[in-house]
Amino acid sequence: MIKKPNLRGHTLEEIRSLITSLEEPSYRADQVYNWLTCRSAKSFQEMTNLPKNLREKLSNYFELSLPQIVEILRDEEGTTKIALRLEDGEIIESVIIPERDHFTLCVSTQVGCALGCKFCLTAKTGFKRNLEVKEIISQVVIAKNLLKEGGDTLPLRNIVFMGMGEPLANYTNLIKALKILEDKRGFNFSRKRLTVSTAGLVPELRSLARDFPTALALSLHAPRDDLRQSLMPIAKRYFLSEIIDVLRSFPRIKNGRITIEYILIKEVNDSLREAEELYQLLKGLPVKINLIPFNPHEELPFSKPTEDRIFSFQRYLLSKRMLTTVRKSKGVRISAGCGQLRRRLEGKPLTPNTINFESTIGTSSFL
Ligand code: SF4
């Protein structure tokens, strides 16, 4: 049986071409696109400004299916972790994070990850495959629908590509998804509110600067190459000096700062020596340093530093006038660290659409 094309993950121009090939006027494609993006429609039947016979015709030729929600976990601060099952049975994660006047969505770009960072549970899964554009976009649609169904009135305003996977390793699909999310005729996310997080893939960072510069987050985690290489195998390929060079020339969206993600791991990278090296490495760059106390897990051989060490590290950087925050912990009890929920679900029989609400206090980092 020939599979019908799924209209999600297509640009407006592509949808026009598909729908006009059915001898329908192109404004019908614009209406469909509006339903898919602005109104997060789940089916053609919802598209009530289209004639009934056209809705039936479209559903004969195309589909709009979304990944299946396998589990939703929510903590008492409202951080919501969503496990989604893709068509091939793979599980990915998204996280909705409440902010003061809006929501942020953290999306995945790959099933698993090939980079093998030593502190990351997604690395334990290994790399399975890249997500398709429709699978990236679907995470946004599902989040918008969950917020709407939950009666939330604040907008979903920020998308951070910080979930499972290295976004720049799925470059072509990432760029297309970014273009669809920014399109003013549809989702209309401001570019400064689309943040791509990377472990520092230098050639792809250069391409991003050229093709679609967004807000940027660098997963740094160590201020010198030897230490970084012991935590992140990719650091053997790209040295800090090259990465910092790219950051210096990376276009800044509306003068925004580059976010530097730094997981503080007890007695690994949390001493004042590293704080000073971090300052030396980053001084002069427009950065905001986000310190993330390590989120302990039985499968990972690291611990969380003491509060004293965390705040000494932060104080040192603040004393050097580096904007430095300690990430407020969100969702440790709901497995909100990167890859934790998938890891927990791996090997378990999955009950479709199980919704578990946990009332817990998040106390550690969300990656
Ligand atoms: S931290 Fe990010 S880049 Fe590193 S293994 Fe995990 S998902 Fe991949």
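Here is a check on your reading of the model: is ARG85 crowded, with 17+ Cβ neighbours inside 10 Å, farther than 23 Å from PHE187 by Cβ and touching a Phe, Trp or Tyr at 6+ places or on another chain (Cβ under 6 Å)? If you could, list the steps in order and put the result at the bottom.
On the way: crowded, with 17+ Cβ neighbours inside 10 Å: yes; farther than 23 Å from PHE187 by Cβ: yes; touching a Phe, Trp or Tyr at 6+ places or on another chain (Cβ under 6 Å): no.
No.
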Among the numbered conditions (1) charged (D, E, K, R); (2) over 23 Å from GLN68 (Cβ atoms); (3) at pLDDT below 95, tell me where LYS179 comes up short. (3)
Could you please find all residues in region 174-202 being within 16 Å of the ligand (Cβ to nearest atom) and either in contact with a Cys (Cβ under 8 Å, 6 or more places away or on another chain) or more than 21 Å from ARG257 (Cβ to Cβ) (or both)? LEU174, ALA199
Residues being touching a residue at least 60 places away in the same chain (Cβ under 8 Å) and surrounded by 17 or more Cβ atoms within 10 Å (Cβ to Cβ): count how many of those fall in region 11-25. 1
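Looking only at region 254-269, count how many residues are more than 13 Å from VAL287 (Cα to Cα) and either of a type outside the set (A, V, I, L, M, F, W, C) or within 21 Å of the chain's Cα centre (by Cα) (or both).
6
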Helices (runs of 4 or more DSSP H) contained entirely in region 169-278, each with at least 3 residues that are free of Cβ contacts under 8 Å to residues at least 24 places away in the same chain and either assigned by TED's automatic domain parsing to the domain that holds PHE127 or closer than 22 Å to MET322 by Cβ (or both): 225-231
Against the conditions (1) within 25 Å of LEU12 (Cβ to Cβ); (2) in contact with a Leu (Cβ under 6 Å, 6 or more places away or on another chain); (3) within 16 Å of the ligand (Cβ to nearest atom), where does LYS81 fall short? Just the number, please. (1)
Considering residues that are hydrophobic (A, V, I, L, M, F, W, C) and over 11 Å from MET164 (Cβ atoms), the number found within region 96-114 is 5
How many residues of region 111-139 are buried (at least 24 other Cβ atoms within 10 Å of the Cβ) and in contact with a helix residue (DSSP H, G or I) (Cβ under 7 Å, 6 or more places away or on another chain)? The answer is 4
Going by what's in this entry, would ILE96 be described as crowded, with 22+ Cβ neighbours inside 10 Å, in contact with a Phe, Trp or Tyr (Cβ under 8 Å, 6 or more places away or on another chain), at pLDDT 95 or above and farther than 22 Å from ILE15 by Cβ? yes
Every pair of residues 6+ apart whose Cβ atoms lie under 6 Å, when the first sits in region 110-132 and is within 8 Å of the ligand (Cβ to nearest atom) while the second is charged (D, E, K, R) and in a loop (DSSP other than H, G, I, E, B): CYS113/GLU166; LEU115/GLU166
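Away from the ligand (no atom under 16 Å from the Cβ), part of a helix (DSSP H, G or I) and either outside the structural domain of PRO233 (by TED's automatic domain parsing) or touching a residue at least 40 places away in the same chain (Cβ under 8 Å) (or both), is that true of ILE97?
In short, no.
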State all residues of region 270-314 that are polar (S, T, N, Q) and modelled with pLDDT under 95; if no residue qualifies, say none. ASN295
Could you tell me which numbered condition VAL70 fails, if it satisfies all but one of (1) closer than 26 Å to GLU299 by Cα; (2) under 18 Å from the mean Cα position of the chain (by Cα); (3) more than 16 Å from the ligand (Cβ to nearest atom)? (2)
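The values are calculated or read from the model by the stated rules, or taken from the named source; none is laboratory data. Keep in mind the model is a prediction, meaning the values are calculated, not measured. We place every Cβ from the backbone using ideal geometry, glycine too, and count neighbours over all the protein chains shown.
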